[in-house]
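*Asks:* Okay, handing you the structure first.
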Amino acid sequence: MEKFGKSQPVKRVEDVRFLTGHGNYLEDCAPDGALRAWVLRSPVAHGEITALDVAEARAAEGVHMVVTLQDLQAAGLITTMDATVVKNRDKSDGAAPERHMLANGRVRFVGEPIAVVIADTLEQARDAGELIEVDIADLPVKLDLEAGGEPLHAEAPDNKAFDWGMGDEEATKAAFDTAAHTVSLQVADNRIIVNAMEPRGCFASWEAERLHFTFGGQGVWGAKSQLAAKLGLEEDAVHVMTPDVGGGFGMKAMTYPEYFVVAHAARTLAQPVFWMSDRTEAMLSDNDGRDLTSLAELAFDADLKITAYRVQTRCNLGAYNSQFGQPIQTQLFSRVLTGVYDIKTTWLQVEGIYTNTTQVDAYRGAGRPEAIYVLERLMDRAARELGVDPFELHRRNFIAPAQFPYATATGESYDVGDFAMILSRACEEADMQGFAARRSADVANGKLRGVGLCYYIESILGDPSEGAEVEFLEDGRVNIYVGTQSNGQGHETVYAQFLADQTGIPADKITTIQGDSDRIAKGGGTGGSRSVTTQANATLATVEVMVAAFAPFLADEMGVEAEAVHFDGETFRAPGSNLTPSMLETAEMARAQGRVDLLRHTARAQLPGRSFPNGAHIAEVVIDPETGVSVVDRYTVVDDFGNLINPMLAEGQVHGGVVQGLGQAMMEHVVHDEDGQLLTATFMDYALPRAADVPMIDFTSEPVPSTQNPMGMKGCGEAGTVGALAAVANAVQDATWDKGLRQVDMPFTPLKLWEALRNGTKAAC
């Protein structure tokens with residue numbers, strides 16, 4: 001058996017069906033004749049519901065049901081949504097105002113669900129919804145990211161959800177008081193809409209006293225538990241499935257109100273019910289990402305070594321706590337607070353603020369891109385103010401290889417790393433020696449060219465344990481059952497490839513089974529870049545179980561002791577026997593002898609610790625000062641993902657992550673008017689990067705194998721986004737520094753850069 005696999009760039013097998021229109025997405029598998037759900041949403045950002053009359057809607061043609069909060073409560077549902085809270089600095093719990101599945105007397109953001117209509121057709125449901133009489137008395141709207149304003153919840157005075165801290169505040173202050181140099185920077189991280197290719201949706205049916213629920217999500221088991229709890233069902237009475245999912249990026253990792261209402265309707269009516277969001281509805285109701293501002297400060301000694309780091313952050317939670325909203329910019333932000341630098345003294349303080357906007361939760365990286373963005377923007381600013389090359393300032397403060405395993409100031413344990421080596425390789429790949437000539441050529445043409453560096457580190461998140469099951473079928477094929485959930489990452493390919501590497505079973509004979517709570521008892525889903533690392537670890541454990549189970553069976557066939565039988569990754573062998581059966585041949589021998597117990601094998605395994613992917617992103621941006629138009633001209637990534645199962649898939653993940661980062665940095669931005677109305681609710685108003693906006697992305701793998709799993713792997717799913725934000729922002733800063741521009745925040749739109757280059761201080765939003 002090859003310990004680390006063959007690491008071959010195998011093309012994604014699922015792409016054939018995706019590209020030929022044979023994907024099985026939610027709308028592809030919705031039951032024929034299912035009733036359709038339509039959601040009445042709040043047209044205002046803040047107000048008291050003074051009247052809600054659904055009688056006319058209930059009497060409309062084709063309508064089977066109109067659901068309000070009172071209906072859900074009368075039916076016995078627990079109507080409050082789950083949400084995690086953090087501890088305040090005084091050890092009390094953060095605010096936990098109730099958020100109901102449907103509006104409870106007051107609406108707090110445009111798009112909040114008020115009622116749901118169930119009808120024969122979507123058109124009938126929509127027409128009936130327009131008959132609902134709802135009167136809302138407007139209240140003042142809270143949008144700014146400051147304490148105070150019109151209170152949204154009695155449980156949160158001044159609209160503060162929490163005041164959280166980590167580190168040693170006094171020691172950090174003392175380090176700043178005695179520092180040779182200090183540098184500070186206020187950094188804003190703009191709100192974005194996730195905009196997965198496939199919007200959210202679900203359908204449900206009630207059959208044989210069981211709820212069957214299908215949705216586009218990032219795992220079935222959390223939804224299964226919550227559906228059972230909210231609807232008052234035993235968990236065995238709930239079956240949850242996910243088909244192909246057209247992107248999640250953290251936004252689909254949690255439950256939403258529509259899921260429970262649809263499930264309730266299907267049970268009550270004993271008919272299938274289907275709901276699918278349209279694009280504007282998604283933009284109003286899907287959890288957003290980012291939206292925070294941070295004052296970051298670094299203290300240096302005379303040799304420009306960092307002695308302390310301090311961050312004060314205010315983050316926007318939206319109108320309510322979403323499922324993971326409070327931990328994102330606190331606990332998860334802290335995981336990589338100090339990045340790749342040897343910083344012993346830190347203080348992080350975060351205040352969460354409620355506003356009359358859609359909830360903010362996980363988005364590709366969930367707190368880690370935000371932390372790295374702040375730190376790397378500040379490192380770039382420090383280099384400029386201290387008169388040292390940014391690359392040199394990085395090198396001077398890197399954690400050295402001899403310091404690993406390294407305990408960070410926030411309690412993480414980095415297992416391995418060689419950051420200076422990675423950065424040197426990145427400089428070579430980016431042709432930094434040729435940058436001066438490229439800049440001079442652009443200056444001659446009236447353009448501004450800048451280069452930006454971001455050295456990121458990522459922390460793998462989620463449940464460190466996972467299970468796998470391998471089943472041998474009569475037709476000679478093999479199923480592998482996994483507890484993760486693909487959202488387009490290529491799991492079907494990489495899981496089959498890894499099992500093939502470890503067993504010799506041809507990959508084209510292996511089918512990956514996922515997203516079915518009846519067929520897979522437990523799983524952690526996808527999120528936090530955990531999938532391949534945890535699932536491969538579980539697969540290794542399952543292969544060990546298989547080998548151990550087959551050995552005594554083959555020993556009888558070979559006429560040897562069980563201890564003599566060994567597996568070399570392709571065949572079983574034993575001294576003194578001419579038999580050399582493959583894994584598939586052994587399974588067929590067992591089937592022929594009625595040994596059905598040898599045809600299914602399962603195991604669970606837990607990683608001993610998290611891995612920490614890291615790498616250097618170097619971006620070059622060219623700006624036309626006459627128009628403000630900027631172009632990312634060159635983009636270089638050198639990543640340490642440890643050992644790779646499939647380098648092609650890893651590169652694809654980096655490309656996708658970088659493009660999402662470029663989108664946020666250059667154009668994506670959520671805008672509300674003063675009344676809380678979303679002005680960017682269509683693709684006519686919300687910009688996403690197109691092919692013409694994306695440069696060729698040069699990717700190089702420079703592995704330093706992790707010690708925290710037997711494969712030596714590090715997760716790669718979110719790394720591209722983590723590194724892209726600061727690399728682009730620092731490149732823009734570099735391009736404009738000599739023009740006197742000292743601060744521009746994302747997104748770097750043409751108007752913003754054009755205005756900033758003219759007044760040097762303020763820029764348009």
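The values are calculated or read from the model by the stated rules, or taken from the named source; none is laboratory data. Here the structure is a predicted model, which means the values were calculated and not measured. Here the Cβ positions follow ideal geometry from the backbone for every residue, glycine too, while neighbour counts run over all protein chains shown.
*Asks:* What single numbered condition from (1) within 30 Å of Ser413 (Cα to Cα); (2) at pLDDT 95 or above fails to hold for Gly490?
*Replies:* The number of the failed condition is (2).
*Asks:* Follow-up. Out of the residues in the stretch 312-336 meeting the condition of being surrounded by 24 or more Cβ atoms within 10 Å (Cβ to Cβ) and among the aliphatic types (A, V, I, L, M), tell me which one is nearest to Ile457 (Cα to Cα).
*Replies:* Ranking the candidates gives Val336 first.
*Asks:* Since Leu741 meets every condition but one in (1) surrounded by fewer than 24 Cβ atoms within 10 Å (Cβ to Cβ); (2) more than 17 Å from Met667 (Cβ to Cβ); (3) in contact (Cβ under 8 Å) with a residue 24 or more places away in the chain, which condition does it not meet?
*Replies:* (3)
*Asks:* Same structure again: In the stretch 404-424, what residues are surrounded by 20 or more Cβ atoms within 10 Å (Cβ to Cβ) and not in a loop (DSSP other than H, G, I, E, B)?
*Replies:* Matches in the stretch 404-424: Tyr414, Phe419, Ile422, Leu423.
*Asks:* Go through Thr526, Thr533, Thr539 for me and flag whichever is under 16 Å from Ile645 (Cα atoms) and either among the acidic types (Asp, Glu) or modelled with pLDDT under 95 (or both).
*Replies:* From the options Thr526, Thr533, Thr539, the qualifying one is Thr533.
*Asks:* In the stretch 566-613, how many residues are aromatic (Phe, Trp, Tyr) and under 20 Å from Phe498 (Cα atoms)?
*Replies:* Of the residues in the stretch 566-613, 2 are aromatic (Phe, Trp, Tyr) and under 20 Å from Phe498 (Cα atoms).
*Asks:* Could you check the stretch 421-476 and list, in sequence order, the residues that are of a type in the set (Asp, Glu) and at positive phi?
*Replies:* Passing the criteria: only Asp431.
*Asks:* Now a separate question. Suppose we filter Phe274, Phe260, Phe300 for residues that are closer than 27 Å to Ala45 by Cβ and touching a helix residue (DSSP H, G or I) at 6+ places or on another chain (Cβ under 9 Å); which single one remains?
*Replies:* When all the criteria are applied, what remains is Phe260.
*Asks:* So, one more: What are the pairs with Cβ atoms under 6 angstrom where one residue, in the stretch 629-647, is outside the structural domain of Glu755 (by TED's automatic domain parsing) and the other, located anywhere, is in a strand (DSSP E or B) and at pLDDT below 95? Sequence gap at least six, or different chains.
*Replies:* none
*Asks:* Please pick out the residue among Thr280, Thr345, Thr293 that is more than 27 Å from Ala196 (Cα to Cα), surrounded by fewer than 24 Cβ atoms within 10 Å (Cβ to Cβ) and among the polar types (S, T, N, Q).
*Replies:* Thr345
*Asks:* Given the criteria modelled with pLDDT of 95 or more and either buried (at least 19 other Cβ atoms within 10 Å of the Cβ) or not basic (Lys, Arg) (or both), does Gln70 qualify?
*Replies:* For Gln70, the condition - modelled with pLDDT of 95 or more and either buried (at least 19 other Cβ atoms within 10 Å of the Cβ) or not basic (Lys, Arg) (or both) - is met.
*Asks:* Conditions: (1) out of contact with any Asp or Glu (no Cβ under 9 Å at 6 or more places or on another chain); (2) basic (Lys, Arg); (3) not in a loop (DSSP other than H, G, I, E, B). Lys752 meets all but one. Number of the miss?
*Replies:* Among (1) out of contact with any Asp or Glu (no Cβ under 9 Å at 6 or more places or on another chain); (2) basic (Lys, Arg); (3) not in a loop (DSSP other than H, G, I, E, B), Lys752 violates only (1).
*Asks:* Going by what's in this entry, would Glu297 be described as more than 30 Å from Val117 (Cβ to Cβ), touching a residue at least 24 places away in the same chain (Cβ under 8 Å) and either among the charged types (D, E, K, R) or touching a His at 6+ places or on another chain (Cβ under 7 Å) (or both)?
*Replies:* yes
*Asks:* Quick test for you: out of Asp71, Asp32, pick the one residue that is in contact with a helix residue (DSSP H, G or I) (Cβ under 9 Å, 6 or more places away or on another chain), acidic (Asp, Glu) and without any contact (Cβ under 8 Å) to a residue 60 or more places away in the chain.
*Replies:* Only one candidate passes the filter, namely Asp71.
*Asks:* Determine whether Gly609 is in a loop (DSSP other than H, G, I, E, B), within 18 Å of Ile480 (Cα to Cα), within 37 Å of the chain's Cα centre (by Cα) and not polar (S, T, N, Q).
*Replies:* Here the answer is no, as Gly609 does not meet what is asked.
*Asks:* Of the conditions (1) surrounded by fewer than 24 Cβ atoms within 10 Å (Cβ to Cβ); (2) among the charged types (D, E, K, R); (3) not in a strand (DSSP E or B), Asp380 satisfies every one except a single condition; which number is it?
*Replies:* Every listed condition holds for Asp380 apart from (1).
*Asks:* A follow-up question, please. Filter the stretch 197-211 for residues that are surrounded by fewer than 17 Cβ atoms within 10 Å (Cβ to Cβ) and assigned to a strand (DSSP E or B) and give the result.
*Replies:* Glu207, Arg210
*Asks:* Could you give every pair whose Cβ atoms fall below 6 Å, whose first residue belongs to the stretch 475-496 and is among the aliphatic types (A, V, I, L, M), and whose second residue is assigned to a loop (DSSP other than H, G, I, E, B), counting only separations of at least 6 or pairs across chains?
*Replies:* Pairs found: Val478/Ile505; Val482/Gln514; Val494/Ile645; Val494/Asn646.
*Asks:* Out of the residues in the stretch 621-670 that are charged (D, E, K, R), more than 21 Å from the chain's Cα centre (by Cα) and part of a strand (DSSP E or B), state the one that is nearest to Ala496 (Cα to Cα).
*Replies:* The extreme case among them is Arg634.
*Asks:* For the list (1) crowded, with 17+ Cβ neighbours inside 10 Å; (2) hydrophobic (A, V, I, L, M, F, W, C); (3) under 30 Å from Gln433 (Cβ atoms), I need the number of the one condition that Val631 fails.
*Replies:* Among (1) crowded, with 17+ Cβ neighbours inside 10 Å; (2) hydrophobic (A, V, I, L, M, F, W, C); (3) under 30 Å from Gln433 (Cβ atoms), the lone unmet condition for Val631 is (1).
*Asks:* Just to be sure before I move on: is Asp163 touching a strand residue (DSSP E or B) at 6+ places or on another chain (Cβ under 8 Å) and either touching a residue at least 60 places away in the same chain (Cβ under 8 Å) or under 22 Å from Thr313 (Cα atoms) (or both) in the structure I sent?
*Replies:* Judged against the criteria, Asp163 is a match.
*Asks:* Which residue pairs have Cβ atoms under 6 Å apart, sit 6 or more places apart or on different chains, and have a first residue in the stretch 252-263 that is at negative phi and of a type in the set (Lys, Arg) and a second that is at pLDDT 95 or above and not in a helix (DSSP H, G or I)?
*Replies:* These pairs meet every condition: Lys252/Gly217; Lys252/Gln218.
*Asks:* A follow-up question, please. Among the residues of the stretch 691-712, are any part of a loop (DSSP other than H, G, I, E, B) and loosely packed, with under 15 Cβ neighbours inside 10 Å?
*Replies:* yes
*Asks:* Next question, about the same structure. From the residues in the stretch 25-49 that are in a strand (DSSP E or B) and of a type outside the set (A, V, I, L, M, F, W, C), which one is surrounded by the most Cβ atoms within 10 Å (Cβ to Cβ)?
*Replies:* Arg36
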